[in-house]
Each structure stands twice: as structure tokens, then as C-alpha cells.
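Written below as C-alpha cells is the structure these notes are about.
Readers should treat all values here as calculations from the given coordinates under stated rules, not as data from a laboratory. All values reported here derive from a predicted model rather than from experimental measurement. Positions of Cβ are generated from backbone atoms using ideal geometry, with glycine treated the same way; all protein chains shown enter the neighbour counts.
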């Protein structure tokens with residue numbers, strides 16, 4: 001049991017390190033430190049390898065159908081329980097930045113759950129769809145980027161095509 005908990009903690013830690021290092025790389029790049037950015041990206045990739053290894057040992061990667069269902073369940077939990085509670089806490093504390101961050105994420109998690117459900121319903125049909133992600137709030141849309149983000153109002157050029 002302790003080892004399973006350790007694997008879960010290690011997966012979470014490695015996953016967080018990956019995202020943090022990618023954010024650090026972006027900042028280093030903006031500041032003109034290309035070599036440091038490259039190092040952060042290399043370390044982030046290594047952390048991904050570690051996280052995937054831990055998840056495999058936990059038997060956390062199953063069939064695509066099972067993975068889609070787990071993703072639906074996770075996203076649904078986030079937008080129905082996790083983020084509403086976080087938004088409420090941020091409001092009580094008057095932390096407007098946190099409230100906005102949580103609100104953006106909350107709205108997008110619902111979209112993700114719907115996109116995963118759509119993928120699950122169409123599994124095996126191999127329909128090719130492009131996805132675009134708003135780089136301000138994370139809004140995820142199919143086919144083409146909107147003129148402006150319906151969640152945060154960002155212009156179309158803030159949407160990134162995901163390959």
C-alpha cells in the first residue's frame with residue numbers, strides 16, 4: 001500500500017515538475033536565455049518519462065475506451081465539485097486572480113468532458129478533427145478557432161492549433 005501511495009505521489013510530483021519546467025522554459029526564452037530554456041525543456045521531457053513510468057507501474061494506462069471514460073470522470077469531477085469549491089474559497093478571500101484562473105479552468109473542464117464523450121461515442125470511426133486551444137484561458141474548440149474566445153474574449157490569434 002505504501003508503495004502504491006508513493007507511486008501516486010511520484011506521478012503527481014513528476015507531472016507538476018514537467019509543467020513548471022515548461023513554464024520556466026517559456027520565461028527563459030522570453031528573457032533571451034535560449035540555452036537555459038533548452039535545459040528546462042530537456043528536464044521537462046525527462047520528468048514526463050518518469051511520470052509515464054510511474055503511471056504504467058500503477059496500471060493507470062488502459063484501453064483508449066477506458067482512458068476516455070476515466071478522462072470524462074476526472075473532468076466532470078473538476079467542473080462539478082473541485083473548481084466550484086475553489087472558486088467559492090477565492091471569492092471569500094477576495095482573491096480575484098485565483099477566482100478568474102479557477103473560473104476559466106472550470107468552464108473549460110466541462111468542454112473537455114464533452115469532447116471526450118464525443119470521442120468515446122465516435123471511437124473507431126477515425127474522424128479527423130482539428131483542435132485549437134486558447135492560450136489565455138485554455139478553451140478548447142474543434143475545427144477552427146473562433147473570432148474571439150467565448151470564455152475570456154481573447155482574439156482568434158491567441159488560439160493554438162494542436163497537432
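Compute the Rg/Rh shape ratio of segment 1-160: radius of gyration over Kirkwood radius, all on alpha-carbon atoms.
Radius of gyration relative to Kirkwood radius: 0.99.
Show that you can apply the helix-only estimate: for the chain, add -39,500 (n - 2.57) for every DSSP H stretch of four or more residues, divide by all residues, and state [θ] at 222 nm to the nearest 500. Before the final figure, lay out each step's value.
Numbers: 5 runs with 104 residues, N = 163.
Taking each H run of at least 4 residues, the total per residue is -22000 deg cm²/dmol.
Using Cα pairs under 8 angstrom and six or more residues apart, how large is the relative contact order of segment 2-57, in percent?
Computed value for segment 2-57: 48 percent relative contact order.
For Cα pairs less than 8 Å apart in space and 6+ apart in sequence, what is the mean separation divided by the residue count of segment 63-127, i.e. the relative contact order in percent?
49
Under a point spin-label approximation (7 Å from Cα along Cα-to-Cβ), what is the residue 49-residue 128 distance to one decimal in nm?
Inter-label distance under the simple model: 3.2 nm.
For a label point 7 Å from the Cα of residue 143 along Cα→C-beta, name the residues of segment 115-130 whose backbone N is under 20 Å from it.
From segment 115-130, the list is 115-123, 125-130.
If R₀ is 22 angstrom, what is the calculated FRET efficiency for the pair residue 12 and residue 85, using the beta carbon separation as r and rounding to 0.05?
Result of the calculation: an efficiency of 0.70.
Considering the chain as a Gaussian network with a 10 Å cut-off on Cα pairs, which listed residue, 24, 79, 102, attains the greatest mean-square fluctuation?
Ranking 24, 79, 102 by mean-square fluctuation puts 24 first.
Give, to the nearest whole percent, the P(r) tail of segment 63-127 beyond 19 angstrom, counting all Cα pairs.
Values: 840 of 2080 pairs.
Counting pairs separated by more than 19 Å, the tail of P(r) holds 40 percent.
Express the relative contact order of the chain as a whole percentage, based on alpha carbon pairs under 8 Å and six or more residues apart in sequence.
Computed over the chain, the figure is 16 percent.
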